[in-house]
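Participant: Before anything else, here's the structure in question.
The values are calculated or read from the model by the stated rules, or taken from the named source; none is laboratory data. Worth saying up front: this structure is predicted, and the values here are computed from it rather than measured. Using ideal geometry, Cβ is built from the backbone for each residue, glycine included, and neighbour counts are taken over all protein chains shown.
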Amino acid sequence: MLPETSHRAQVIAGGTDRLKPTYSVTLLKSAGCFCGQSCESWAQHTGREPGHSGQNRGAKLAFAGGDVMFFSADPVVPQAPNPAHENIQGDVKRGAKSAKQGSFTPFLGETFAKWVRFRQERAPFLSECLINHLFTPRKKSVASEGENAMSSTYAITNRFAKQEDGNVTIFSVFMLVLILTITGASVDIMRFEATRAKMQGTLDRAVLAAADLDQEQDPVAVVNDYMAKAGLAEVLADVQVDQGMNYRTVTASGSVDLDTIFLHMSGFDTLTAPGHSVAEEKISNVEISMVLDISGSMGGTRIENMRSAAKEFVDTVIQDEVTDTGLTTISVVPYNATVNLGSTLANYWTLDSLHTYSNCGTFPANAFDTVAINPSVAIERLGHFDPYSSSQSTSSISSPWCKTGDQGAMMVHSSDRTTLKNHINALSAGGNTAIDLGVKWGVALLDPASQPAVAAMATDGLVADAASNRPAPYEDPEAIKFVVVMTDGENTTQYDLKYHHKYGMSDVWIDDRGTSSTSDDRFSLIVQDHSGTSNDKYFWHRYKDYSWNYRYRSTPDGGSNARRMTNAELFARFGTKAVAKKMYEKPYYDGWVSNGTYWDVYYAYEAIVNGSSADERLADICHAAKQKGIVVFAIGFEAPAGGQAAMQDCASSDSHYFDVEGVEITETFHAIARQINSLRLIQ
């Protein structure tokens, strides 16, 4: 007798393509071949080995443990529907339903009886074996108890492992825990940030108040008081104060530990909120150069708006307490095609001795690679000439290329608001545009090389004593230097007299008749007959209105009293066009003067720098200034594209460049003044 155990198995009915019902039944599992038959008997009856499927399409018994037995060796599919077959299908379905309702056992005998009768024609052995196995009473073997327990445990474990009904529940629990963790962490982080913000805000206010130079209390005490009143006295860790004659820097730091509510479950019992703040107020040794465009395009409302804005800038930058100490100084550098040192500054910066009619300098291109202008080294003086006027009855030119006297002149290191505003208010527009020259002088007045000249002016009472050490060294930690440059245009051509008309002697003699009056001065021009010098003649000219005053003599009018004029003297007396007409026109018509000579005098000046070259020089000097640590603010005031590009390139950064129109220039100057004068949180 083979050992048997009670086991859940499935009987799968097959044999036709139409009939494949499946239902559950409690069977006895065989440890060997089916129904106690030997494997050889099974093979003899079926013609196949047990468990071999081959082409077998018959019914099979499949146990939950994995054993499979074949009921038929070669089932034949019916050619037509069989009523018994249909009944079996119904019985199988009803059996499945009965099994679900717990009444499967009474149904088992009836169903299998029908099934066996249906299969007797094809598998008599299977029928007998199945009946004997299912319905023959058997005694339990003592040895099967252990195997039964093991099989039951295995089956339960196997079913549990394959069970998927609780998967969503597990995932939901996991997500719930995750959501609770994130929500709790958010609460702790919000508490942390609120605490940190309160501490940082209090620190900021405390150091700002402590750094104020106007308050006379101990800065450390001020910070402590602020923190205590905010209920944060215990969080303050350190307060440091660094101060000098005109600055104060206060540094404060602290931290607070916040106990967590939720994050401690993740191992974070506390969160530490740090705080750090530094405030500085410095009435620095502020040095400012205002480089202002006064070219012809600035006429009308533009120069009015500029003057108003510049004066407001002075009021904003120079406060009353600063005026008393002279710690903030402003230099004003007006420019058009030239920069006029003026009659005062020309005594402290060296210009060559070409003439003394005007005081404008000119520089070679390589001079714009450096910031400094050494006051003791002679600067090439610009020729004094008038390219516009043709008036012949004058004692001096009316429209000089370089302004005379202190008209539109520079002002150096002043902290007197009234003086500065009066100087700005007197500016007038005219001439070409040379931004490069304006910036060159603007940065030079901030370079320490200018200090000897400023000191000498202070000695002479022209600069306040407090500014006698200006400009300060670049390395001075208490000094800061600014250039504020504005233009409404772009660089244009710069002119000077041609070399042979600028230096040396002219071909004109003058007889002043021994009087100081210029109304009766007599002039003579030497002309050549191109046959050598022995018979050169002088063209005498007294008054052009009378033809008999045009005469040729071998000696100049006035004889020994006549003297030869320098080119500088001649072109300071008459414009270039006037010299050509007064002296050269008659001889030209008479054939004594060539066409080339006449027009050479008519245009006695030449271009020395064109617009593109000036742009390059401007870029060079701006770069040199920024390399020295000078902060450059640049303003394009209704400027064309070229001027805007030049200004933007010159500025220290994009934020230091302003493109403005109309009255916006006032707000721009005011904004720059606020930046220079501001109390800053530097960290």
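Participant: Do any residues in the stretch 246-260 that are farther than 13 Å from residue 279 by Cβ have Cβ atoms under 7 Å from those of residues that are modelled with pLDDT of 90 or more, where the two are at least six apart or on different chains, and which pairs are they?
Facilitator: Sorted first by the residue in the stretch 246-260, then by its partner, the pairs are 254/203.
Participant: Of the numbered conditions (1) surrounded by fewer than 17 Cβ atoms within 10 Å (Cβ to Cβ); (2) without any contact (Cβ under 8 Å) to a residue 12 or more places away in the chain; (3) more than 29 Å from residue 491 (Cβ to Cβ), residue 623 satisfies every one except a single condition; which is it?
Facilitator: (3)
Participant: Just give me the residues in the stretch 587-618 being at pLDDT 95 or above and outside any helix (DSSP H, G or I), in sequence order.
Facilitator: Within the stretch 587-618, 603, 604, 605, 606, 607, 608, 609, 610 meet the criteria.
Participant: Now for a separate question. Among the numbered criteria (1) of a type in the set (Asp, Glu); (2) surrounded by fewer than 16 Cβ atoms within 10 Å (Cβ to Cβ); (3) part of a helix (DSSP H, G or I); (4) over 31 Å from the mean Cα position of the chain (by Cα), which one does residue 188 miss?
Facilitator: Among (1) of a type in the set (Asp, Glu); (2) surrounded by fewer than 16 Cβ atoms within 10 Å (Cβ to Cβ); (3) part of a helix (DSSP H, G or I); (4) over 31 Å from the mean Cα position of the chain (by Cα), the lone unmet condition for residue 188 is (2).
Participant: Whether any residue in the stretch 415-435 is of a type in the set (D, E, K, R), under 37 Å from the mean Cα position of the chain (by Cα), part of a loop (DSSP other than H, G, I, E, B) and assigned by TED's automatic domain parsing to the domain that holds residue 355 is what I want to check. Show your work before the answer.
Facilitator: Residues of the stretch 415-435 that are of a type in the set (D, E, K, R), as a first pass: 416-417, 421.
Next, from what is left, pick out any that are under 37 Å from the mean Cα position of the chain (by Cα): 417, 421.
Then keep just the ones that are part of a loop (DSSP other than H, G, I, E, B); that gives none.
Checking the stretch 415-435: not a single residue is of a type in the set (D, E, K, R), under 37 Å from the mean Cα position of the chain (by Cα), part of a loop (DSSP other than H, G, I, E, B) and assigned by TED's automatic domain parsing to the domain that holds residue 355.
Participant: Among the listed residues 639, 578, identify the single one that is of a type in the set (A, V, I, L, M, F, W, C), outside the structural domain of residue 312 (by TED's automatic domain parsing) and more than 28 Å from residue 364 (Cβ to Cβ).
Facilitator: Working: 639 fails: more than 28 Å from residue 364 (Cβ to Cβ).
578 is the lone residue from the list that is of a type in the set (A, V, I, L, M, F, W, C), outside the structural domain of residue 312 (by TED's automatic domain parsing) and more than 28 Å from residue 364 (Cβ to Cβ).
Participant: If you take the residues of the stretch 551-586 that are farther than 11 Å from residue 523 by Cα and not in a helix (DSSP H, G or I), which of them is modelled with the lowest pLDDT?
Facilitator: Looking at residues that are farther than 11 Å from residue 523 by Cα and not in a helix (DSSP H, G or I), I get 551.
Participant: Can you tell me which condition residue 500 does not meet? The list is (1) buried (at least 22 other Cβ atoms within 10 Å of the Cβ); (2) at pLDDT 95 or above; (3) closer than 30 Å to residue 560 by Cα, and all the others hold.
Facilitator: (1)
Participant: Moving on. Do you know which residues across the stretch 638-656 are farther than 17 Å from residue 433 by Cα and crowded, with 18+ Cβ neighbours inside 10 Å?
Facilitator: Of everything in the stretch 638-656, those that are farther than 17 Å from residue 433 by Cα and crowded, with 18+ Cβ neighbours inside 10 Å turn out to be 651, 652, 656.
Participant: Right, here's the next one. For the stretch 619-669: of the residues being among the charged types (D, E, K, R) and assigned to a loop (DSSP other than H, G, I, E, B), which is nearest to residue 479 (Cα to Cα)?
Facilitator: Residues of the stretch 619-669 among the charged types (D, E, K, R): 620, 626, 628, 638, 649, 654, 659, 661, 664, 667.
Filter once more, so that each one left must be assigned to a loop (DSSP other than H, G, I, E, B): 628, 638, 661.
Numbers: 628: 12, 638: 33, 661: 32 Å.
Per the stated criteria, the residue is 628.
Participant: Scanning the stretch 248-275 for residues that are part of a loop (DSSP other than H, G, I, E, B) and surrounded by 14 or more Cβ atoms within 10 Å (Cβ to Cβ), which turns out modelled with the lowest pLDDT? Steps first, answer last, please.
Facilitator: Kept after step one, since they are part of a loop (DSSP other than H, G, I, E, B), are these residues of the stretch 248-275: 260-262, 267-269.
Okay, now just the ones that are also surrounded by 14 or more Cβ atoms within 10 Å (Cβ to Cβ), so 260, 262.
Numbers: 260: 84, 262: 77.
The selected residue is 262.
Participant: Another question, then. Residues to consider are 237, 309, 273, 252; find the one that is under 30 Å from residue 482 (Cβ atoms) and touching a strand residue (DSSP E or B) at 6+ places or on another chain (Cβ under 6 Å). Reasoning before the result, please.
Facilitator: Values: 237 fails: under 30 Å from residue 482 (Cβ atoms); 309 fails: touching a strand residue (DSSP E or B) at 6+ places or on another chain (Cβ under 6 Å); 273 fails: under 30 Å from residue 482 (Cβ atoms).
Being under 30 Å from residue 482 (Cβ atoms) and touching a strand residue (DSSP E or B) at 6+ places or on another chain (Cβ under 6 Å) holds for just one of 237, 309, 273, 252, which is 252.
Participant: Moving on to the next point. Restricting attention to the stretch 284-321, and to residues there that are under 33 Å from the mean Cα position of the chain (by Cα) and among the small types (Gly, Ala, Ser), which single residue is nearest to residue 441 (Cα to Cα)?
Facilitator: 289
Participant: Show the residue pairs that are 6+ apart or on different chains and have beta-carbon atoms under 6 Å apart, the first residue being within the stretch 466-491 and in the same structural domain as residue 617 (by TED's automatic domain parsing), the second being of a type in the set (Lys, Arg) and in a helix (DSSP H, G or I).
Facilitator: 488/302
Participant: Ok, one more. Take residue 204 and decide whether it is within 37 Å of the chain's Cα centre (by Cα) and among the charged types (D, E, K, R). Lay out the reasoning, then the answer.
Facilitator: Values: within 37 Å of the chain's Cα centre (by Cα): yes; among the charged types (D, E, K, R): yes.
Here the answer is yes, as residue 204 does meet what is asked.
Participant: Kindly list, by first and then second residue, each pair from a residue in the stretch 202-218 that is farther than 12 Å from residue 230 by Cα and in the same structural domain as residue 232 (by TED's automatic domain parsing) to a residue that is aromatic (Phe, Trp, Tyr) and at pLDDT 90 or above, limited to pairs with Cβ atoms under 7 Å and residues at least 6 apart or on different chains.
Facilitator: Pairs that qualify, where the first residue is farther than 12 Å from residue 230 by Cα and in the same structural domain as residue 232 (by TED's automatic domain parsing) and the partner is aromatic (Phe, Trp, Tyr) and at pLDDT 90 or above, are 209/226.
Participant: Sticking with this structure for a sec: Which one of the conditions (1) in contact (Cβ under 8 Å) with a residue 12 or more places away in the chain; (2) more than 42 Å from the chain's Cα centre (by Cα); (3) surrounded by fewer than 16 Cβ atoms within 10 Å (Cβ to Cβ) does residue 365 fail to meet, given that it meets all the rest?
Facilitator: In the conditions (1) in contact (Cβ under 8 Å) with a residue 12 or more places away in the chain; (2) more than 42 Å from the chain's Cα centre (by Cα); (3) surrounded by fewer than 16 Cβ atoms within 10 Å (Cβ to Cβ), residue 365 misses (2) alone.
Participant: Search the stretch 194-229 for residues being of a type in the set (D, E, K, R) and under 15 Å from residue 273 (Cβ atoms), and hand back the single one that is modelled with the lowest pLDDT.
Facilitator: So the first thing to find is which residues in the stretch 194-229 are of a type in the set (D, E, K, R), and the list is 196, 198, 204-205, 212, 214, 216, 218, 225, 229.
Among the residues that remain, those that are also under 15 Å from residue 273 (Cβ atoms) are: 196, 198, 204.
Details: 196: 85, 198: 88, 204: 92.
Per the criteria, the residue is 196.
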